[in-house]
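The values are calculated or read from the model by the stated rules, or taken from the named source; none is laboratory data. What you see is a predicted model; the values in this text were computed from it and never measured. Cβ sites come from the backbone with ideal geometry, for glycine too, and all protein chains shown count toward neighbours. Note: areas computed on protein heavy atoms with side chains; ligands, DNA, RNA excluded. Shrake-Rupley method; radii C 1.70, N 1.55, O 1.52, S 1.80 Å.
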Amino acid sequence: MLVMKKLYFLLFSIVLFLSNAVLAQDVPDTPIEHDIGIHDPKVFKPKVHKVYPPFMLTGRILGINLESVQGVIIINSCTAEKTITDKNGIYHINAARGDTLDFEVPKYSRDIRGIRSSENLNIVMIKRKADNLPPGHSKPEYDKAKKDDEELYRVLEKDAKLEDKWKY
């Protein structure tokens, strides 16, 4: 028992000593510099992403009956530039590769698209089932609704192409 008390006392003394030693140290007010290695003196530079030049992006927006949708608000999330579709569903907006466009109109579900090229960006707006599921829906219900939405979108996009709706 006496040995245990001495061991606890020794352990307590060590902890107390170390905690006081930590408190007694001066904390320098200098920024922390990372050592890149004594034997490897090269400087590491952060990767710089290429900046793509902006261009005028044009597109047409159609509704579920392949009619032109007027009044769709298009926002370039990267530059905050806004535009609205005309009576033929056509829009023009400055964008660059890597930008994100947000398409909103009250009658349809919101659509977000990333810009990959300077080609026309034509969209069919639909009211997605997956966005309108009741609270507490199950994952299988959501997956089925999402699959149905994707199938509807593919059919409408194919029909728009067949009926030359993308020409303007």
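Probing with 1.4 Å while keeping every protein chain in the model, the per residue accessible area of segment 38-168 equals 70 Å². Rg/Rh for segment 93-157 stands at 1.04; both radii use Cα atoms, and Rh follows the Kirkwood definition. Summing charges over neighbours of Lys158, with a neighbour being any other residue whose Cβ is under 13 Å away from its Cβ, gives -3 when K and R count +1 and D and E count -1. Loop-resident GluC sites (Glu not before Pro) (DSSP state other than H, G, I, E or B) in segment 80-147 with no more than 10 further Cβ atoms inside 10 Å of their Cβ: Glu119. If the chain linking Ser109 and Thr58 were pulled fully straight, counting 0.36 nm for each residue of separation and taking away their Cα-Cα distance, it would gain 16.3 nm. Stretching the chain fully between Asp164 and Gln70 yields a gain of 32.0 nm (0.36 nm per residue, less the alpha carbon separation). Annotation: for a label point projected 7 angstrom from Cα along Cα→Cβ of Lys146, residues of segment 120-137 with backbone N closer than 15 Å are 128-133, 137. If you take the Cα centroid of segment 90-168 and the Cα centroid of segment 60-77, the two points sit 10 Å apart.
Using a probe of 1.4 Å, the accessible surface attributed to Lys129 totals some 110 Å² when neighbouring protein chains are kept in position. Net charge near Ile75: determine it from the other residues with C-beta under 14 Å of the C-beta of Ile75, scoring Lys and Arg +1 and Asp and Glu -1. Here the count lands on -2. Heavy-atom accessible area for Tyr52, with the other protein chains in place and a 1.4 Å probe, reaches approximately 90 Å².
Per-residue surface analysis assigns Ser118 an accessible area of about 70 Å², computed on protein heavy atoms at 1.4 Å probe radius.
Largest accessible area first, the residues Thr79, Thr85 order themselves as Thr79, Thr85 under a 1.4 Å probe with ligands, DNA and RNA left out.
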